[in-house]
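Colleague: Sharing a structure, written as structure tokens. Questions coming.
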């Protein structure tokens with residue numbers, strides 16, 4: 001009986017101890033601040049890589065909570081400014097009245113894109129073909145195929161690509177894929193589009209996962225393959241056009257295409273966004289999204305700050321005045337059609 005009684009007491013003490021340890025953060029301004037700061041401190045993947053002193057940032061923004069004027073709006077604005085210190089377009093704070101965002105990754109740079117130019121008669125024109133977000137036309141006297149793709153959120157099927165490639169069968173100089181101002185979307189869709197330009201499966205990226213709360217607690221790099229499509233392949237010259245607004249999944253697409261045979265990247269450095277995002281909830285119900293898993297190129301170099309083009313070129317104002325797109329024109333030259 002004494003043994004059973006001792007076990008019962010031990011179990012009771014253990015349960016009480018566990019309950020005492022479980023102290024959910026309070027739904028106060030301080031409780032929400034502490035929760036948000038800790039989520040970033042323990043789960044954001046680029047603090048060390050970006051040399052961010054997150055403890056110092058705690059001190060700066062914690063002081064704002066001492067003002068009597070703090071309210072829901074000013075608190076949201078302060079927390080948004082704190083998250084902006086990460087300089088990451090994948091970091092957002094969602095409330096019932098606003099969504100924070102960091103846009104300097106592309107607004108601080110030349111746009112190198114003018115959408116109105118695409119619809120000139122010598123490019124897409126008025127009678128371009130379009131299927132599931134892919135706008136395409138034969139340009140340069142029919143010798144170059146041109147595809148403009150504005151979002152990887154627009155999915156497509158193999159049969160769509162098969163028809164497009166068939167439509168371009170007589171474009172003897174090659175193909176241009178324009179992903180300027182493509183802000184991303186589905187990673188699976190970007191891998192699908194890249195698959196048509198590879199002869200064999202290729203490790204073009206690596207991924208790591210957080211394994212602990214430390215800023216550098218990561219798993220071993222996991223290889224990410226770009227799988228060649230078994231039946232549909234374009235193994236002829238390709239030029240990919242990119243700019244700073246080519247972000248997130250588009251950043252990954254350009255990284256993959258860097259390793260595709262017969263492919264050249266032209267334009268500006270992409271906007272980056274190499275971290276795979278994750279989300280957590282604050283005590284007040286707000287959601288925070290942040291980069292949780294870093295990605296690297298095939299040489300284990302970070303891609304958070306973008307992919308350098310093989311050939312760098314800006315949109316020239318003199319060309320724009322003539323209704324010409326400098327990047328498309330340069331691509332045509334590279335393909336031998338100018």
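Colleague: Suppose the filter is out of contact with any strand residue (DSSP E or B) (no Cβ under 7 Å at 6 or more places or on another chain), over 15 Å from residue 34 (Cβ atoms) and either outside any helix (DSSP H, G or I) or touching a residue at least 12 places away in the same chain (Cβ under 8 Å) (or both); does residue 61 pass it?
Modeller: no
Here's the yes/no breakdown for (1) within 22 Å of the chain's Cα centre (by Cα); (2) surrounded by 13 or more Cβ atoms within 10 Å (Cβ to Cβ):
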residue	(1), (2)
202	yes, yes
230	no, no
234	no, yes
239	yes, yes
245	yes, yes
252	yes, yes
257	yes, yes
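Colleague: Determine which member of the set 117, 83 is touching a residue at least 60 places away in the same chain (Cβ under 8 Å), out of contact with any strand residue (DSSP E or B) (no Cβ under 8 Å at 6 or more places or on another chain) and surrounded by 14 or more Cβ atoms within 10 Å (Cβ to Cβ).
Modeller: From the options 117, 83, the qualifying one is 117.
Colleague: Go through the range 197-211 and count every residue that is within 23 Å of residue 278 (Cβ to Cβ), part of a loop (DSSP other than H, G, I, E, B) and touching a helix residue (DSSP H, G or I) at 6+ places or on another chain (Cβ under 8 Å).
Modeller: Residues in the range 197-211 being within 23 Å of residue 278 (Cβ to Cβ), part of a loop (DSSP other than H, G, I, E, B) and touching a helix residue (DSSP H, G or I) at 6+ places or on another chain (Cβ under 8 Å): 0 in total.
Colleague: Tell me the strands (runs of 3 or more DSSP E) entirely within the range 254-338 that contain at least 3 residues that are out of contact with any helix residue (DSSP H, G or I) (no Cβ under 7 Å at 6 or more places or on another chain).
Modeller: Per the criteria, 276-281, 287-293.
Colleague: Next question. Is one or more of the residues making up the range 293-309 touching a strand residue (DSSP E or B) at 6+ places or on another chain (Cβ under 9 Å), farther than 25 Å from residue 43 by Cα, surrounded by 15 or more Cβ atoms within 10 Å (Cβ to Cβ) and in contact (Cβ under 8 Å) with a residue 24 or more places away in the chain?
Modeller: For the range 293-309, residues touching a strand residue (DSSP E or B) at 6+ places or on another chain (Cβ under 9 Å), farther than 25 Å from residue 43 by Cα, surrounded by 15 or more Cβ atoms within 10 Å (Cβ to Cβ) and in contact (Cβ under 8 Å) with a residue 24 or more places away in the chain: present.
Colleague: Tell me which of these residue 239 doesn't satisfy, since it passes every other one: (1) outside any strand (DSSP E or B); (2) under 28 Å from residue 167 (Cβ atoms); (3) in contact with a helix residue (DSSP H, G or I) (Cβ under 9 Å, 6 or more places away or on another chain).
Modeller: Against the list (1) outside any strand (DSSP E or B); (2) under 28 Å from residue 167 (Cβ atoms); (3) in contact with a helix residue (DSSP H, G or I) (Cβ under 9 Å, 6 or more places away or on another chain), residue 239 comes up short only on (1).
Colleague: Do we have residue 224 as part of a strand (DSSP E or B), in contact with a helix residue (DSSP H, G or I) (Cβ under 9 Å, 6 or more places away or on another chain) and over 19 Å from residue 308 (Cβ atoms) here?
Modeller: Spelling it out, residue 224 is indeed part of a strand (DSSP E or B), in contact with a helix residue (DSSP H, G or I) (Cβ under 9 Å, 6 or more places away or on another chain) and over 19 Å from residue 308 (Cβ atoms).
Colleague: Here's a follow-up. Looking at the range 242-253, which of its residues are assigned to a loop (DSSP other than H, G, I, E, B) and either under 25 Å from residue 143 (Cα atoms) or touching a strand residue (DSSP E or B) at 6+ places or on another chain (Cβ under 7 Å) (or both)?
Modeller: The one that is assigned to a loop (DSSP other than H, G, I, E, B) and either under 25 Å from residue 143 (Cα atoms) or touching a strand residue (DSSP E or B) at 6+ places or on another chain (Cβ under 7 Å) (or both): 243.
Each reported figure results from applying straightforward, stated rules to the coordinates on display, with no laboratory input. Since this is a predicted model, take the numbers as computed values, not measurements. All Cβ positions, glycine included, derive from the backbone under ideal geometry; neighbour counts span all protein chains shown.
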